[in-house]
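Structure first, commentary second.
The values are calculated or read from the model by the stated rules, or taken from the named source; none is laboratory data. This one's a predicted model, so the numbers in the text were calculated from it and none came from an experiment. So basically every Cβ, Gly included, is an ideal-geometry build from the backbone, and we count neighbours across all protein chains shown. Side chains included, ligands, DNA and RNA excluded: accessible areas come from the protein's heavy atoms. Shrake-Rupley method; radii C 1.70, N 1.55, O 1.52, S 1.80 Å.
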Amino acid sequence: MKQHAAWGTAGIGKLGTALITQWMKQDLETGLYHPDAEKAKKAAKNLSTKVLKKDDLAKLDYLVLALPADQILPFVKDLKKAGVQLEETVLINMATKQETAELRETYPELQWASVKYIGHAESLRRDGSGLFITEETDEHLRDRFSRIGHVETAAEETAEKVNQLATSQAVLAAIKLEKQMEEEGWNDVYIKHALRSLFPEVIRAYADGKLGRFGQKIVEEMDKK
């Protein structure tokens, strides 16, 4: 395993910000890259990390592509057009809907790796303890992500399936709660607070096995049915 590998992240959206935030908390230096110099400078200051210039990317051992699925291929194409040599850099595809096989087929001369995140980026930024899916055996790569969560060995499509299922069920439950409260005549103040604070915290408590007496009583009643 490389002891002093150089890491960088392309993308300063929610996922990129969450990853860098947690790695910096672990004293794992991670530079950031964004084509807009001012945005990169501002983000780097907020995250207490360094800005990577385009030429710096070729010097990295690992570059995390925290980009939307439809931006990864154009991003790599632009770098190659600019003469940035990426053959020695492992490019980590984190886009849930972008198959790594397609990236390998398009640019077979590059080193590709797949790591997908299951969950909400805001939760990762705030709490860490993420769940990452990969089939890679690279020890340094797995160690880096395990520092901020759990790394599960599974096919990359697993992440999309779990994320879609959880998201759809959460949205349906939120809509159901909202409609029921509206029908019961609750005003917007109570509805918004229930959705933003009470509802997600009860779900978190249930997942952690820390429901209060009232919540536990509901579980017991459901178990009897």
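Read through the list (1) open to solvent by 10 Å² or more (accessible area, probe 1.4 Å); (2) among the aromatic types (Phe, Trp, Tyr); (3) touching a strand residue (DSSP E or B) at 6+ places or on another chain (Cβ under 8 Å), then give the number of the only condition that Phe132 fails.
(1) is the only condition that Phe132 fails.
Could you please tell me which pairs satisfy a Cβ distance under 9 Å, a separation of 6+ or placement on different chains, a first residue in region 202-223 that is in the same structural domain as Ala170 (by the TED database) and loosely packed, with under 10 Cβ neighbours inside 10 Å, and a second residue that is part of a helix (DSSP H, G or I) and not polar (S, T, N, Q)?
Going by the 9 Å Cβ cut-off, the qualifying pairs are Gly212/Val202; Gly212/Ala205.
Quick one: Gly149 ticks every box in (1) under 30 Å from Glu102 (Cα atoms); (2) surrounded by 11 or more Cβ atoms within 10 Å (Cβ to Cβ); (3) not assigned by the TED database to the domain that holds Trp112 bar one, so which box is it?
The one condition Gly149 does not meet is (3).
If you take just the strands (runs of 3 or more DSSP E) that sit entirely in region 43-148, which of them hold at least 2 residues that are in contact (Cβ under 8 Å) with a residue 24 or more places away in the chain and among the β-branched types (Val, Ile, Thr)?
90-93
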